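A short worksheet on the structure shown next.
The values are calculated or read from the model by the stated rules, or taken from the named source; none is laboratory data. No experiment lies behind these values; they were computed from the predicted model shown. Counting neighbours? That spans all protein chains shown, and the Cβs are built from the backbone with ideal geometry, glycine included. What goes into the accessible areas is simple: the full protein's heavy atoms, side chains included, and nothing from ligands, DNA or RNA. Shrake-Rupley method; radii C 1.70, N 1.55, O 1.52, S 1.80 Å.
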There are 2 protein chains.
Amino acid sequence: MARAATTSDVFNAIAEPQRREILALLRAGERPVTELAHELGMSQPGASKHLRVLREVGLVRVREAGKQRLYGLDARGLRPVHEWAGGFERFWNESFDRLDTYVQDLKQARQED
Amino acid sequence: MARAATTSDVFNAIAEPQRREILALLRAGERPVTELAHELGMSQPGASKHLRVLREVGLVRVREAGKQRLYGLDARGLRPVHEWAGGFERFWNESFDRLDTYVQDLKQARQED
DNA sequence: TTGACGCATTCCCATATCGGCATACGATAG
DNA sequence: CTATCGTATGCCGATATGGGAATGCGTCAA
């Protein structure tokens, strides 16, 4: 078995830096492929490929506009990512200087719930 | 070129479902490798490999405890992920029923710059 | 219709997985 | 010292990847 297909889920899709950059750019609005490619310093086929991945996981949508295809952001798929990471918030706020005692306390706290 | 090494950054590390499961388990406290492997239904070498990746991106740390090695969570590295995704919050809160018009407005706004 | 333009797809390569299996390694028990 | 337990690592195979180059294809302009 190899790595799961990047097109299989959002976490894989956003694992690639250039795809995150595309998403960031699209926050400012729709853009045609060539413009994205140029702004990110990648080839047109390269941009198309990344956009395809983003499309397949639903982070991006296309709209036909004559010769061009305008890609737009659909960030709803990022919400699960945000929530997943947020589930660890209380942990990164803790002091890790004494991880051992920290974990002990946590166990204790959980038992008191 | 292939995909960047998964050990290169946190986004890649958490792209793998089993690694996310490991992190989830570790929220309850430190655990030795074998226990993790058993709880996740994976082989010991498998667990060790995933733990290595998590270690290399700093999401996990080890503590020697006699024969065992206790792995503990260090969620600080997940904060950037949370914040990155959070940067899109206002977008997933938008109504996408009228995405077209929404984007139109946005595009228009860009042209007026 | 023909040509130019914008984009997607395909093929190829070098690489990085992930999983299984065997094995090496460090620490402890006897 | 030696056997054993708990882990880490090495090697293999099957697969997915990202990038480059070439190409297919639909749309619009002349």
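The mean number of partner chain beta-carbon atoms within 10 angstrom of a residue's beta-carbon across peptide A:28-36 is 3. With a 1.4 Å probe and all protein chains kept in place, how much accessible area does residue A:84 have, in Å² rounded to the nearest 10? Residue A:84 exposes around 50 Å² with every protein chain in place.
Can you sort A:7, B:34, B:6 by 1.4 Å-probe accessible area, starting with the largest?
B:34, A:7, B:6
The string of couplings for segment A:40-56 from the Karplus curve (6.51, -1.76, 1.60, θ = phi - 60°) is 9, x, 10, 6, 4, x, x, 4, 4, 5, 5, 5, 5, 4, 4, 5, 5 Hz, one whole number per residue in order, with x for Gly and Pro. Peptide A:45-58 shows a mean partner chain C-beta count of 0 within 10 Å per residue C-beta.
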